[in-house]
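The block underneath contains the structure these notes are about, expressed in structure tokens.
The values are calculated or read from the model by the stated rules, or taken from the named source; none is laboratory data. Just so you know, these numbers come straight off a predicted model, no measurement behind them. Cβ: placed from backbone, ideal geometry, glycine included. Neighbour counts: every protein chain shown.
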Amino acid sequence: MCTVYLVAFVFILTAEQCSSSKLMEDSDLSLMERMQAGKTSFIYFGNHVNPTIELFIEQLQMSADALEDYGITVVMVNCSKDDIAKYCTGEKLLTKAYLFRGSEVLRSFDIDTVFDVNAIVSHVLFSVLFNEVLYVHTPAELLRVESAAKQNSDIVVGHIPVLGLAEHRALMEAAFVYGTKYQFVQTTGSLVLKHMGVVDPSSSQARLWFLNCKSVSRQSDPCSSTAMSKPLNTINIHTFLQLMEAPLVTEAVTDPSEVDVVYIHLSVPVLYLFSQPQTQHLDRDTAQTVALQLRGEVGVVLIHRDNPKVKTPLKYNVAYKLPQEDVKYFTLSAPEEVVKFFKEELLQKHKIEDEEEDEEHWSDLDILDDEVSESVYRDRDLLLDLEFVSELTADTFQTTVKQNKITVVLFYFKWDAVCMAFIQSYVEVAEALEDVNGVELAAVDCGEWTDICSDQNITSFPTVLIYRPKAAAQPYRGMMGTKSLHRFILLSLVSSPVHLSSSAEVMSFLEGDLYRKHVYLTPVRVLGLFSSMQDMGISSFEEAARLLRGETIIGLFAHEEAAKWVEGLSVNLPALLVSHGPALPHQVFSFPSSSATDHVKLIQRVELERFPELTVENLPWYLELEKPLLLLFIGKEESTESTSSLAEIKQLLGSGQLDSFLPCWIHLGRTPVGRSILEKYLGFVPPLPSLVISQIKTGGEVFLFPPERPLMAENILLWIRDVEDRHEQPAGLIPDVKWGPPVPFFDFLAIMDQEAPTYAAQKAPKTKNGGRENHKEQNHVTPNQSQGPHPSANPQAPRRHSEL
Amino acid sequence: MSVIQSVFRLLCVLVLLLTTTASGLHGCNNTLSHEYCVLGAGPAGLQMGYFLSRSQRDYIILERNAGPGSFFNIYPRHRKLISINKIHTGRRNKEFNLRHDWNSLLSDRPDLLFQRISQELYPSADDFPRYLSVFEKELGLKVIYGADVGRIKASDFNGHQGYVLTDQNGLSYECRVLLVSTGLWVPQQVGFRGSDLVEGYESIPTDPEEFKDQAVLILGKGNSAFETAQSILGRASRIHLYSPSPVRLAWQTHYVGDLRAVNNELLDTYQLKSLDGLVEGRLEDIAIVRREKNGKRRAAKKRNPTSTKKNESLYLTLTELLDDHNGTNKVTGQNLPGYHTDNFSLRQPYDRVIRCLGFRFNFSIFDGSARPPQSSGARGRLPGVTAWYEGRGTPNMFVLGTAAHSRDYRMSAGGFIHGFRYTVRAVYKFLEQRYHNIAWPTTNLPISQLQSWILRRVNEASGTYQMFGVLGDIILLQGSHCKYLEEFPLQALPQLSALSGHSVSDHGLLVLVMQYGLNQTDTLGPGRAESEWTKAWKSNFLHPVLYYYKTLPTDKDMRQRPVGWPLPRPEAVHHMVEDFLTEWDQPISHSQPLRRFLEHCLQTDLRAFYAESCFLLSLTSGNPPLFCHQGYLRKQGIVGNRHLWQHAREAGLMADAALSEDASVTEYLNHAGAAVISTVNFDL
């Protein structure tokens, strides 16, 4: 019986679209026959057609198709042709429709009530199923239904705030199909909603619950309820009831991808848990617990690993499969995590509607929205491995930092996400430098060794300091990343400045053996040229070199031959010579002043390239120039276009025509995030190479070099002129918005005011009279234990304290 | 330096010469001058001495006894300190460990902690003067012992009110600033008929044998009463405790001055009906009377207490039942409450009545002009002081230590060593600002570091932890930076600028306070602990609370603050949910809600970003987030690695881009490592 209905049930989903109408038009004769046959039919008597009626008849036709599946015929009688006694007369003609079983009227409906196909089907089915579907108003009524159903059958409770809508129809159709199997209950009231634990009963959402009453072992036990989380429609109810019918946990002995269970056919997510023979009971319990919590939404399969067909590696303990997707494997540590993962990540994603928007909104607050915190948090199951880093304590700190040529010390907090993100890079560097003599990487946990960190004046975390014996600690000011720190430490091993004693050594420093020794760290060499060791400027140059130790390789050549290196250049000694590589021409600068900090600034500036490739690590240096960027984006693949466009811009460098810009380029292969930059600038990614002007600090306009024009030097110049003369339209705009709080404020004060109105309120100005009266009343006091029915000592005696 | 000061200096040198060359030869006209006089070498006096000595101020500590902390030579009478000396905390954080060390004084000497003297959780009282002695000697504090100051009068030094102290030898001390740390040692008494028949806590025998089979009535229900009861519990026949208010248990009220569980064995014997008991009633209404063996009853008052015979019983009765007030009337059975109410609780006679009512401040040494008023709370036993611990109406006289407890009486720990060591430090900072123009020390922080700094303080600071609700950290917001002031007395907040030397900017300020909660639930019952951060304001246990004000609260705001609050209603408030382990460092429950609160107060995004995100934001936004501003754009970006980026991308928080770059980092490292090994010599 049930399966027949089931087929019908599924069938109607497709049958609805059928074009040929099943609506019968009866004469009085055929009507008579129909009534004698004892069938159920829904009959409308009409005599003329107005626009309202016409619409109704359309709906009636549609309902005929739908109701046919339930063995109910929909009939229309034209009273103008056949005048049927009782029904074709009177005021009610036209505005009423009737449900007959045989010749007996089961119910009459206003056509306002049965206004459309959903209303017709739901009301008709509800009337037909009058004895099967119980209508409850109060929790007490529901409890009565429950206790009657216990150990007997399960209950399906539908809350239908408005009758006659699609949800109502879906529930009734389900009741028609499953009515013999489950006790169906319909309710409209908010009392029952509250009883079912709905937080906001005012919402006009239709809901459905499944109450497991059949399996309760004792009459006194409550029926456990499972709410359907998806919207109420025929498919969802069907799936939900099937799921509730399916065993809580299915067990299997094949790999997840091979498992064939009912859930897959129902198109619900499937969760796979694993079991080993020795822990079988435990695993089964876990699976049951998880399944109970995910019931109605997810199917749970327990896979026994002892079967050779199971090939899932041991490191994975959970797998899942979303409908129409492949099985995904992962590792979680606790059943709660599995539930959380499913509830919060998978099901949320797949939810069509945000049902309880408010609730979700606040539970969102527990999701980390900080990329650093979140990425560190995801590693919380990993133990911090500081294998190559020595952890210093108050006892070892002083001795350690004096022991090595270079001791690098990281000051960190364990609970600070940024520190913990960086410590991974730090460990990588330590590992890479493990075999380097004279370098030790150490770390101080400032949560524990707060005194060390205070003594070292650490106010920013993470901080890296470089200690050398007999020298003040040098702060590491570079990028907090593996590459930068590694390079810095190796460069720190090079003495700064490198003292050069002959022109041959200078040669070697700039492009010979000395150069090659460190070329893998940096191609740039900076050389201070002084005419003699007596030069007064040398000390501040040396100071600058010390400050820049680890950042730049700096040489010092104080010798009469130094002049030779600036011969023919418009600079006198002392001078600064910069080489960006062996084959490249040297640049020479004179010192602007004699202060070490000015030297540092000069050296940092001259080190910059004229046409740099922008990378994540070097951008800040170039942004400091505060010039608009003339930015060329180059694709991942090497192409002649890329090389030629680079060459075209390079060609322009010497002319000085690009001086108001910072000409630079981004290689999307090495700096993939460049693609996102293009997208943000233009809204799309143009064909590469692509040239833009980005006025980050000056107006925020972005101009795109017309992709159809060849990227040639003269075209570029023309385009730049057009941009400057405002003949070009900006292709995009860089927003200059302030970064406000990313989420709304969780206002404790507002909550206090709501929950405890006086708690957070300022007191009214004081009126001084209370308190004293109390005293007088206590004149008559009889001491006694205040516990018994004795003459009472006053328990309200002034609350004073007698002991410090 | 002002003229006054130099005159003082001169005098001081002179006097020092005098005292060193001719010590003991104090003439009547001898006068010593000091910028700071500290009265009393107890824990508070020595604590202040340490700070004054550290900043090389001209100070002297005057002590009437021969050694420091003489109170502890007598008290507690049963010689067990109930201040916790927890040495093994499992932590090595010195600041954190002070949260559980209630006896040590503050100093920069890590070896000058109380644990050097005693390893006991509840140490012997004898250890404390020993500790103070070591503290004083090793820090070389200037203490004059045996100087018993009997008179203090105010004096005008060129328009500046100072104080002149006179000792038992007539020697005078002229003090520009007087710091009173005399403690509380005068036993508190209540006048009632027969109070002369009562023995005092200060003089009772401590040998339990002396109480053998005696019925004892103890007046008071504080720690000294219970301590006394506990010591005689095994000998006395019955012990009754009588005082106006019911027992307040420290573990319920969180006030360490209330009855500590260390002393509460009598509660057990009371509730298990083992002959002991507690009774409430007013002390002023009772009378203690005696009754003779021969049946003649006489008013007790007439008898000389020295002739007391052991077998003469003492009865408790009510003043209103006595016929007359002149004391000549005989006490008959009708004068006893048992005659009127046959089951009157205290109807049986006692062998001893002991007064354990605590101590009061010694006001008697102050001349009218120099006498601070009696506090409104604490039965007037304490001097009234301002929020910065200056005596009310006695400028340039500050009260330190237990005597300064009126500010937080029955609220916090200001009456106890583990509390007032911090208020003394706060007063010292006030002095530095007022008399030497040295502003309250601050730490300047970029805003991006504020959150981790707050978390650091919340997880280790001892001053705000011990002096909960009284001392708080103040954060003066100044745009991209802020100034962090530690452990400022909250009640003095309206006078912040004058007292600290720092002004409040338009950006407002934050105040970080540790607080217990509403305490409306059963202390040990279900639902006592809150774990949901969204309900953090309902936390019952000590937890951090942040207050945000756009402008400095005024005195009026402070007076009208919500009932039970340490501060007025702020612009916004944030409670960090109580933590079972008092470790407020978890990302979801502690850090992120705190960050969002700070974001609201500062109206800026405080999230952290990897360098790659900052790179993107720096090129595509005119105004990248603060973290990028204060980190990446200063060339200090957090680069991260492939593994972390993967996580961030999976979480949908980081722009997705192919991960090719990182492969090159690994290659780079391999290459670099190899190159390093092959490099012979780094020293060029």
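Observations on the structure shown:
- Complete set of residues in the stretch A:466-495 that are part of a loop (DSSP other than H, G, I, E, B) and closer than 30 Å to B:CYS628 by Cβ: A:ALA472, A:ALA473, A:TYR476, A:ARG477, A:GLY478, A:MET479, A:GLY481
- Checked against the criterion of being within 26 Å of B:SER203 (Cβ to Cβ) and either of a type outside the set (S, T, N, Q) or in contact with a helix residue (DSSP H, G or I) (Cβ under 7 Å, 6 or more places away or on another chain) (or both), the candidates B:VAL134, B:VAL149 yield just one match: B:VAL149.
- Within this structure, B:HIS629 passes the test of being within 22 Å of A:SER694 (Cβ to Cβ), more than 7 Å from chain A (Cβ to nearest Cβ), touching a residue at least 40 places away in the same chain (Cβ under 8 Å) and not basic (Lys, Arg).
- Considered as a group, the residues in the stretch A:624-645 that are crowded, with 19+ Cβ neighbours inside 10 Å and part of a helix (DSSP H, G or I) include one that is farthest from the other protein chains (Cβ to nearest Cβ), and that residue is A:SER645.
- Of all residues in the stretch B:558-592, those satisfying the criterion of being within 7 Å of chain A (Cβ to nearest Cβ) and in contact with a His (Cβ under 7 Å, 6 or more places away or on another chain) are B:ALA572, B:HIS575.
- The residues listed here are B:LEU633, B:LEU616; of these, the one that is surrounded by fewer than 23 Cβ atoms within 10 Å (Cβ to Cβ), of a type in the set (A, V, I, L, M, F, W, C) and farther than 16 Å from A:ASP416 by Cα is B:LEU633.
- From the list A:VAL737, A:VAL743, the lone residue that is among the β-branched types (Val, Ile, Thr) and either outside any loop (DSSP other than H, G, I, E, B) or in contact (Cβ under 8 Å) with a residue 12 or more places away in the chain (or both) is A:VAL743.
- Screening A:LEU271 against (1) in contact with a Phe, Trp or Tyr (Cβ under 9 Å, 6 or more places away or on another chain); (2) hydrophobic (A, V, I, L, M, F, W, C); (3) closer than 23 Å to A:LEU208 by Cα leaves a single unmet condition, (3).
- If the condition is being in a loop (DSSP other than H, G, I, E, B), touching a residue at least 60 places away in the same chain (Cβ under 8 Å) and at the interface with another protein chain (Cβ under 10 Å from one of its Cβ atoms), then the stretch A:656-700 contributes A:GLN695, A:ILE696, A:LYS697, A:THR698.
- Residue pairs whose Cβ atoms lie under 6 Å apart, separated by 6 or more positions or on different chains, with the first residue in the stretch B:215-229 and at the interface with chain A (Cβ under 8 Å from one of its Cβ atoms) and buried (at least 24 other Cβ atoms within 10 Å of the Cβ) and the second part of a helix (DSSP H, G or I) and not hydroxyl-bearing (Ser, Thr, Tyr), are B:ASN223/B:ASN263.
- Filter result for B:ILE438 (aliphatic (A, V, I, L, M) and part of a helix (DSSP H, G or I)): no
- Applying the criterion of being assigned to a strand (DSSP E or B) and among the hydrophobic types (A, V, I, L, M, F, W, C) to the residues of the stretch B:368-410, the residue that is farthest from B:VAL256 (Cα to Cα) is B:MET397.
- Qualifying residue in the stretch B:561-583 (condition: assigned to a loop (DSSP other than H, G, I, E, B), farther than 22 Å from B:ARG99 by Cβ, touching an Asp or Glu at 6+ places or on another chain (Cβ under 6 Å) and not charged (D, E, K, R)): yes
Residue-by-condition table, conditions (1) hydrophobic (A, V, I, L, M, F, W, C); (2) touching a strand residue (DSSP E or B) at 6+ places or on another chain (Cβ under 6 Å); (3) within 29 Å of B:HIS34 (Cα to Cα); (4) part of a loop (DSSP other than H, G, I, E, B):
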| site | (1), (2), (3), (4) |
| --- | --- |
| B:LEU106 | yes, no, yes, yes |
| B:GLN119 | no, no, no, yes |
| B:PRO129 | no, no, yes, no |
| B:GLY140 | no, no, yes, yes |
| B:ILE144 | yes, yes, yes, no |
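- Exactly one residue out of A:CYS419, A:CYS453 is crowded, with 23+ Cβ neighbours inside 10 Å, modelled with pLDDT of 90 or more, more than 7 Å from every other protein chain (Cβ to nearest Cβ) and in contact with a strand residue (DSSP E or B) (Cβ under 7 Å, 6 or more places away or on another chain): that is A:CYS419.
- Output for the stretch B:239-281, where each listed residue is over 26 Å from B:THR521 (Cβ atoms) and either touching a Ser or Thr at 6+ places or on another chain (Cβ under 9 Å) or within 12 Å of another protein chain (Cβ to nearest Cβ) (or both): B:ILE239, B:HIS240, B:LEU241, B:TYR242, B:SER243, B:PRO244, B:LYS273, B:LEU275, B:ASP276, B:GLY277, B:VAL279, B:GLY281
- Test result for A:LEU171, over 29 Å from A:SER63 (Cβ atoms), surrounded by 22 or more Cβ atoms within 10 Å (Cβ to Cβ) and modelled with pLDDT of 85 or more: no
- Within the stretch A:28-42, residues that are over 15 Å from A:TYR70 (Cα atoms) sit with their Cβ atoms under 8 Å from residues that are surrounded by 13 or more Cβ atoms within 10 Å (Cβ to Cβ) and of a type in the set (S, T, N, Q), at 6+ positions apart or across chains, in these pairs: A:ARG34/A:SER41; A:ARG34/A:THR73.
- Taking the criterion of being in contact with a helix residue (DSSP H, G or I) (Cβ under 7 Å, 6 or more places away or on another chain), surrounded by 16 or more Cβ atoms within 10 Å (Cβ to Cβ) and not aliphatic (A, V, I, L, M), the residues of the stretch B:154-183 that qualify are B:PHE157, B:TYR163, B:ARG176, B:SER181, B:THR182, B:GLY183.
- Check on B:SER452, under 19 Å from B:THR582 (Cα atoms), in a loop (DSSP other than H, G, I, E, B) and not aromatic (Phe, Trp, Tyr): no
- Filter pass, B:ALA44 being under 18 Å from the mean Cα position of the chain (by Cα) and not in a strand (DSSP E or B): yes
- Restricting the search to strands (runs of 3 or more DSSP E) fully inside the stretch A:100-191 and requiring at least 2 residues that are more than 30 Å from A:GLN36 (Cβ to Cβ) gives A:133-136, A:155-159, A:183-187.
- Taking the stretch A:496-613 as the region of interest, the strands (runs of 3 or more DSSP E) fully inside it that hold 2 or more residues being within 14 Å of another protein chain (Cβ to nearest Cβ) and either within 27 Å of A:SER484 (Cα to Cα) or more than 52 Å from the chain's Cα centre (by Cα) (or both) are A:498-500, A:525-530, A:553-558.
- Residues of the stretch B:594-606 that turn out to be part of a helix (DSSP H, G or I) and either of a type in the set (Asp, Glu) or facing chain A (nearest Cβ under 7 Å) (or both), as a count: 3
- Cross-chain or 6+ apart pairs with Cβ under 7 Å, the stretch A:722-734 first and within 9 Å of A:TYR681 (Cβ to Cβ), then loosely packed, with under 13 Cβ neighbours inside 10 Å: A:GLY732/A:GLY683
- Checking each residue in the stretch A:375-403 for being buried (at least 17 other Cβ atoms within 10 Å of the Cβ) and free of Cβ contacts under 8 Å to residues at least 12 places away in the same chain picks out only A:ARG378.
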